[in-house]
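The values are calculated or read from the model by the stated rules, or taken from the named source; none is laboratory data. Computed from a predicted model, the values in this text were never measured in an experiment. Cβ sites come from the backbone with ideal geometry, for glycine too, and all protein chains shown count toward neighbours.
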Amino acid sequence: MSTMPLLTRVLRPLFRAYFSLCFSLEWDGLDRIPRSGPYIIISNHVHIMDPFFISPYMPHNVRWMAGSYLFRMKALGSILARFLTSIPKNQGRNDMQMMRILTAAFKKGEVVGLFPEATRTWDGEPIAFDKALVKLIRIFKVPVVCINLEGGYFLHPRWAYSARKGPLTIRVVETLMPQDIEAMTLDALYQRIEKNIGFSHRAMQQKTPLPYRSTRRTEGISQILYLTPGAPADALISSQGDIIRCPQIGLEVRMDEYDRLHVVSGTCPFPDIPAWREWERHMLHEAYSKGTLPAFRPDKGARLEMFSDERLRLRYIGDFLACLEKEGIRIIVPAHSRAASLPPFERKKKEAVAIFLFSEMTSLIVNAKCTMEFSLQGKVWRLRLKKGEPVLKYSDLFTDIKNPESRSS
């Protein structure tokens, strides 16, 4: 077992004290944690603080896998790598360097934590994970601790601008031993893990309703709602307090402390946000299948970056437009900007235009601060949209094109 980093030893009791003061946090099943490493911890991913909710209560140091984009931030990257010994993961791409790090970690008897879904849930519902994970688990032949964070999504939904107050239960569902894993087929192992970490916050509220209180509970919802029944695709969705509005059709919906939706004016057929999300993803898929897309308005951008060989090659901070099209993403920047001089941008009179084709992308994810990141022809492009822009439609369409079965998840 590796030595626990000094910073981790200092922070663990501080985090436990903070959580006991500020959160209604309960643990269940800590006796299912192995007494020694190596082993893997897997969990659903619902809150930005997920690793910090889990690690302080573990008997061993946990080396969490984190998105590689976090390591590109100088201060945070240094803390993650040097002090917390985290492991970088290129989301959506094969990563041999990560495999080498994991192999060395398990040989030392270390504990590794990861989130199979690879990204936080946007609506509290489970996300389909890459089936390559079960092959990885079979390769390493170590115990796998399956954890559910129950209620974590409601504490601070990924789209929300402010946190809420309410309970959080961290439950150790099961520890799968190497002999159990070896006896299962890959499909059976996938289904077992899917069942163990596939926690539905919607089902939780239907079974045992729990209140999560905030005076700004809907603010930020426009990042994930890009279509409204009865409204054109370019209609604006706004939110304030506990109200969601689409002024163009006179719609007002109130969200209560259990995340249920109640119509104030207009018509809304959805009982909650997951139902709204299911509908808009279906509508986007139907439109794409028919060879077209809804006529979305262009989204306003604030920052454009490009990385090659893990080095920053372009940074443009300023106004630009991003447009979702059937073939990909159209980016329009001012003709005088540095971005305009780089391929694939083509200069016109007052602007430069580039189209990034979905067919040439190997991955597209939405990460922090309304930012999407995609890999294309050996380069990584990162686009940050302005606050409140509906960023999720880009990853919804990309996922639907590249992985159609994900629509059923």
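Comparison of Leu25, Leu21, Leu30 shows that the only residue that is loosely packed, with under 13 Cβ neighbours inside 10 Å, among the hydrophobic types (A, V, I, L, M, F, W, C) and in contact with a strand residue (DSSP E or B) (Cβ under 8 Å, 6 or more places away or on another chain) is Leu30.
Mind listing whichever residues of the range 361-380 are farther than 20 Å from Glu310 by Cβ and surrounded by fewer than 17 Cβ atoms within 10 Å (Cβ to Cβ)?
Lys369
Summed over the range 328-339, the residues that are modelled with pLDDT under 95 and closer than 22 Å to Ser363 by Cα give a count of 1. If you check Arg16, Arg35 for being among the basic types (Lys, Arg), surrounded by 13 or more Cβ atoms within 10 Å (Cβ to Cβ) and farther than 21 Å from Met98 by Cβ, only one passes: Arg16.
Only one entry in Arg245, Arg297, Arg281 is touching an Asp or Glu at 6+ places or on another chain (Cβ under 9 Å), within 19 Å of Gly220 (Cα to Cα) and without any contact (Cβ under 8 Å) to a residue 12 or more places away in the chain, namely Arg245.
So that you can scan it fast, the table gives a plain yes or no per residue for (1) out of contact with any helix residue (DSSP H, G or I) (no Cβ under 7 Å at 6 or more places or on another chain); (2) under 20 Å from Leu293 (Cα atoms); (3) among the small types (Gly, Ala, Ser):
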| residue | (1), (2), (3) |
| --- | --- |
| Arg311 | yes, no, no |
| Ile317 | yes, no, no |
| Leu321 | yes, yes, no |
| Lys326 | no, yes, no |
| Ile329 | no, yes, no |
| Val333 | no, no, no |
| Arg338 | yes, no, no |
| Cys370 | no, no, no |
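Report yes if Arg338 is over 27 Å from Ala203 (Cα atoms), crowded, with 16+ Cβ neighbours inside 10 Å and basic (Lys, Arg), otherwise no.
The answer is no for Arg338.
In the range 310-361, the qualifying residues are those that are assigned to a strand (DSSP E or B) and more than 18 Å from Asp299 (Cα to Cα), and the one that is nearest to the chain's Cα centre (by Cα) is Met361. A count restricted to the range 140-193 and to residues that are in contact with a Ser or Thr (Cβ under 6 Å, 6 or more places away or on another chain) and basic (Lys, Arg) stands at 1. Restricting the first member to the range 320-335 and to residues that are free of Cβ contacts under 8 Å to residues at least 24 places away in the same chain, and the second to residues that are in a loop (DSSP other than H, G, I, E, B), the beta-carbon pairs closer than 9 Å and six or more apart or on different chains are Phe320/Ser337; Leu321/Pro298; Pro334/Lys350; Ala335/Lys348; Ala335/Lys349; Ala335/Lys350.
For Ala235, which of the numbered conditions (1) of a type in the set (A, V, I, L, M); (2) assigned to a helix (DSSP H, G or I); (3) without any contact (Cβ under 8 Å) to a residue 40 or more places away in the chain; (4) surrounded by 15 or more Cβ atoms within 10 Å (Cβ to Cβ) fails to hold? Here Ala235 meets the rest and fails (2). Among Val391, Val353, Val366, Val380, which is modelled with pLDDT of 90 or more and over 28 Å from Pro126 (Cα atoms)? None of the other options fit; the residue is Val353. For the range 303-312, the tally of residues that are in contact with an Asp or Glu (Cβ under 9 Å, 6 or more places away or on another chain) and either at positive phi or not assigned by TED's automatic domain parsing to the domain that holds Ile332 (or both) stands at 0. Before we move on, is Leu176 out of contact with any His (no Cβ under 7 Å at 6 or more places or on another chain), in contact (Cβ under 8 Å) with a residue 12 or more places away in the chain, surrounded by 18 or more Cβ atoms within 10 Å (Cβ to Cβ) and not hydroxyl-bearing (Ser, Thr, Tyr)? Yes.
One line per residue, one yes/no per condition, for (1) at pLDDT 90 or above; (2) within 19 Å of Pro88 (Cβ to Cβ); (3) of a type in the set (Lys, Arg):
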{"residue": "Ser20", "(1), (2), (3)": "no, no, no"}
{"residue": "Leu25", "(1), (2), (3)": "yes, no, no"}
{"residue": "Gly29", "(1), (2), (3)": "yes, no, no"}
{"residue": "Arg32", "(1), (2), (3)": "yes, no, yes"}
{"residue": "Gly37", "(1), (2), (3)": "no, no, no"}
{"residue": "His47", "(1), (2), (3)": "yes, no, no"}
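Could you tell me whether Phe296 is of a type outside the set (Val, Ile, Thr), in contact with a Leu (Cβ under 9 Å, 6 or more places away or on another chain) and not in a strand (DSSP E or B)? Criteria met by Phe296. Is it true that Arg217 is at pLDDT 95 or above, in contact with a Pro (Cβ under 8 Å, 6 or more places away or on another chain) and closer than 25 Å to Val46 by Cβ? No. Quick check on my filter: what residues within the range 90-116 are within 24 Å of Phe307 (Cβ to Cβ) and either modelled with pLDDT of 90 or more or in a loop (DSSP other than H, G, I, E, B) (or both)? Those that are within 24 Å of Phe307 (Cβ to Cβ) and either modelled with pLDDT of 90 or more or in a loop (DSSP other than H, G, I, E, B) (or both): Asn90, Gln91, Gly92, Arg93, Asn94, Asp95, Leu114, Phe115.
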